[in-house]
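This report concerns only the one structure given below.
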């Protein structure tokens, strides 16, 4: 149920926006634990840090994050905004940005039982690289 009021913004310089999203995300944070063990300073290493706003409310977060030689994709949709297409839009944007920046491969991890997220990733071309300790590691070759 997307409207003309939706916009994707660079959130790399606005931690308050990210904090607002996280406070709205509720149970989505059970599967998106990125900031559980990291401070917000980590966004300085990101290739991209994005938020989707719908009518001035942050509904979806996404990033591309350097970790050694790999670039990891992370995405979360606020619980009350799931099923509205925001995850698909964010995935498209992050994949486009990775391609434009010449990143050859992007990686992600997802809880193995999270079939909804895995289905979205597979539709975007990600494939299972490894399964270990309740996590599925996936990758997408862009080159």
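The numbers here are math on the coordinates, done by the rules we state, and not lab data. Just so we're clear, the structure is a prediction, and the values are computed from it rather than from any experiment. For neighbour counting, all protein chains shown are included, and Cβ atoms are generated from backbone atoms with ideal geometry for every residue, glycine included.
Taking only the Cα atoms of the chain, how large is their convex hull per residue, in Å³?
Values: hull volume 16.3 nm³, N = 143.
In the chain, the Cα convex hull volume per residue is 114 Å³.
On the beta carbon distance between residue 142 and residue 34, with R0 = 30 Å, the FRET formula returns roughly 0.90. Sorted fewest first by neighbouring Cβ atoms within 10 angstrom, 127, 61, 34 come out as 127, 34, 61. Using the Cβ-Cβ distance between residue 92 and residue 127 with R0 = 22 Å, the FRET efficiency computed as 1/(1 + (r/R0)^6) comes to roughly 0.80.
Extension gain, residue 69 to residue 6, is 19.3 nm, computed as 0.36 nm per intervening residue step minus the present C-alpha separation.
Calculate the FRET efficiency for residue 13 and residue 119 from the Cβ-Cβ distance with a Förster distance of 25 Å, rounded to the nearest 0.05. Given R0 = 25 Å and the Cβ-Cβ separation, E is 0.15. Here region 91-127 is scanned for amide nitrogen atoms under 11 Å from the site 7 Å beyond the Cα of residue 135 along Cα-to-Cβ, giving 108-112. Name the shape class, rounded, prolate or oblate, that the alpha-carbon gyration tensor gives for region 17-86, where a ≥ b ≥ c are the square roots of its eigenvalues, rounded holds for a/c under 1.5, and otherwise prolate holds if a/b is larger than b/c and oblate otherwise. Because a/c hits 1.5 or more and a/b exceeds b/c, region 17-86 counts as prolate.
With everything on Cα atoms, drop me the angle between helix 86-100 and the longest principal axis of the chain, reported from 0 to 90° to the nearest 10. Helix 86-100 and the main axis of the chain meet at about 60 degrees.
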